[in-house]
Amino acid sequence: MKKWTWISCIAIICFLFTGTGKAEAAENGKRYIGLHDRILPIEDIRVIDGDTKVPLKDIAKYLYLPVETKDGKTIIQKRGKVIIFDHTTGATVLDGVDQPWAPISSIDGELFISVKYIARETGFQFEYFQQHHTIRIYRDEFNHISNEAFEEIIKEHAAKKHQISASKKANVYLTFDDGPNQFTLINHATLETYKVPATFFFLGNQIKHNESIVKTVSKSGHYVGSHSMTHDKALVYSSTESFIAEMTGAAQLLEQVTGKSANLVRVPYGSKPLVTPSMQKSLIDHGLYMWDWDVDSNDWRYTDKQTSQIIKNVQDGVTKAAKSGDKDIIILLHDRSQTTIALPRIIEWLQKEGYTFKTYEPDNHIIQNFLQDPLL
């Protein structure tokens, strides 16, 4: 009988702990921090060991916390109290006394601090609205509305955030391969007419004879990347050395012509299954990033009289990608005659549907490669 009693106790304890963990995971959705009568615009809110923490740099702005870092320690001084976090040991000390838990944590190189802890130690009161996953901190010496009234503010804020999130469509990236050529200029003119940015992947051997087109596209704010020198499958993929020479060769030409680095490449025919692990590593070693695509227009398959199928391919592909939750949809097109005809209707449909057009941003690289390599 004792044996089954112990087993039952252990089972209950395990249930409680795992149940708490699941609840905590579920609550790791949208959370809010309130200060007096407003919701603070702090986005990165974490639940760590059951405690709500926010970036120290963010909360310090709103609570006017003097924060200083020196000799491997971060020091917070407020209302006569001194809180010290040791970056080497991960320990927190309050007025010379070691804290038995971790009110401050270093996560991916950034300091997060417990909201309740910093509120309590700097003279604030706090109220937790469990249903809304919101902590409100306040001081009685400041005029503020009741907690009941503040709960209505939380509801209104959450409703607005949800509405914005639900209505915001994905970003779309129009990308054009195989230029520069006469069709590049027509596609460029269409983009200018609709005031839409795009990304072009040019071939080195054609860059040599069309430098003015490259300069025109680049000066208009579109990103220009390498699509190899020749697009000759047998030559490009004959060896790792040949592959990297093809990709860097066009990139170097682009930099010479535009004065801008071209660290984004698109390999001919897509990365899978042609790019070997050795080629993959070589791209990384040379500081290059690689884009494949989410939506293939298959425009190269059709004639000028079949452009409606190109448009449909884009519409179907984008709709499917958006429904899957993709927030950055990369569309494959080419600098070809049939594409120049289809492009205005593609842009008009994307605009009507509410998508946001973007060009590649080197400082905000989006990972999209069939190899699923996070370094590319």
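The values are calculated or read from the model by the stated rules, or taken from the named source; none is laboratory data. Everything numeric here is computed off the predicted structure, so don't read it as measured data. Cβ atoms come from the backbone with ideal geometry, glycine included; neighbour counts cover every protein chain shown. Areas reflect the complete protein model, heavy atoms only, side chains present, ligands, DNA and RNA absent. Shrake-Rupley method; radii C 1.70, N 1.55, O 1.52, S 1.80 Å.
Grab the Cα-Cα distance for SER239 and GLU152, subtract it from 0.36 nm times how many residues apart they are, and report the gain in nm with one decimal. Walk me through the numbers before you get to the answer.
Details: separation 87, 0.36 × 87 = 31.32 nm, distance 6.47 nm.
This chain segment gains 24.9 nm when fully extended.
Tally up the carbon and sulfur contribution to the accessible surface of the chain as a whole percent, 1.4 Å probe, everything protein left in place. Walk me through the numbers before you get to the answer.
Details: 10590 of 19820 Å².
It is 53 percent, rounded to a whole number.
For the Cα atoms of the chain, what angle does the longest principal axis make with the long axis of helix 307-323, in degrees from 0 to 90, nearest 10?
For helix 307-323, the angle is close to 10 degrees.
Taking a quarter of the surface of the Cα convex hull of region 80-120, what do you get in nm²? Mind dumping the intermediate values first?
Working: hull surface 12.4 nm².
Average of the hull's projected areas for region 80-120 equals 3.1 nm².
Which option, (i) 1.00; (ii) 1.33; (iii) 1.06, is the value of Cα Rg over 2.2 N^0.38 Å that was calculated from these coordinates?
Looking at Cα Rg over 2.2 N^0.38 Å for this model, the match is (ii).
I'd like the orientation of helix 240-258 relative to the chain: the angle between its Cα long axis and the longest Cα principal axis, in ° from 0 to 90, rounded to 10.
90
Could you name the lysines whose alpha carbon sits less than 28 Å from that of LYS320, not counting residues in the same chain fewer than 8 places away?
Here the lysines satisfying the reach criterion relative to LYS320 are LYS30, LYS160, LYS161, LYS168, LYS169, LYS195, LYS272, LYS305, LYS312, LYS352, LYS358.
Which one of ILE145, THR240, ILE341 is farthest out on the positive end of the charge dipole of the chain, using unit charges on Cβ (Lys, Arg +1; Asp, Glu -1) and the Cα centre as origin?
ILE145
Size of region 223-376 along its principal axes in angstrom, Cα-based, largest extent first?
In descending order, the Cα extents are 43, 33, 32 Å.
Viscosity 0.890 mPa s, temperature 25 °C: Stokes-Einstein D of region 280-350 from its Kirkwood Cα radius, in µm² per second?
Working: Rh = 13.4 Å.
Here the translational diffusion coefficient equals 184 µm²/s.
Where in the chain is the longest stretch that carries no GluC sites (Glu not before Pro) classed as loop by DSSP and with at most 14 other Cβ atoms within 10 Å? Walk me through the intermediate numbers first.
Details: sites that count: GLU27, GLU43, GLU141.
The segment 142-376 is the longest one with no such site.
How big is the shadow of the Cα convex hull of region 93-148, averaged over all directions, in nm²? All intermediate terms of the calculation are to be shown ahead of the outcome.
Numbers: hull surface 22.7 nm².
Average of the hull's projected areas for region 93-148 equals 5.7 nm².
Could you work out [θ]222 nm for the chain from helices alone, using -39500 (n - 2.57) per DSSP H run of at least four and dividing by all its residues? Round to the nearest 500 deg cm²/dmol. Intermediate results must be reported in sequence, preceding the final value.
Numbers: 12 runs with 153 residues, N = 376.
For the chain, the value works out to -13000 deg cm²/dmol.
Helix 147-167 sits at what angle to the longest principal axis of the chain, using alpha carbons and giving 0 to 90 degrees rounded to 10?
10
Run the numbers on the chain and let me know its relative contact order in percent, using alpha-carbon pairs under 8 Å that are six or more apart. Display every interim value, and only then the final one.
Numbers: 581 pairs, mean separation 52.7, N = 376.
Computed value for the chain: 14 percent relative contact order.
Between ASP37 and THR69, 0.36 nm times their residue separation minus their Cα-Cα distance comes to what? Don't skip to the answer; put the middle values down first.
Values: separation 32, 0.36 × 32 = 11.52 nm, distance 3.11 nm.
Length gained between ASP37 and THR69: 8.4 nm.
If you put +1 on each Lys and Arg Cβ and -1 on each Asp and Glu Cβ, how big is the dipole of region 60-190 around its Cα centre, in Debye rounded to 20?
Values: 15 positive and 17 negative charges, 54 e Å.
The dipole magnitude comes to about 260 debye.
Residues of the chain: accessible area per residue at 1.4 Å, in Å²? Write down the numbers at each step before the final one.
On the way: 19820 Å² over 376 residues.
Averaged over the residues of the chain, the accessible area is 53 Å².
Using alpha carbon coordinates only, what is the Rg to Rh ratio of region 36-184, with Rh defined as the Kirkwood radius?
Radius of gyration relative to Kirkwood radius: 1.15.
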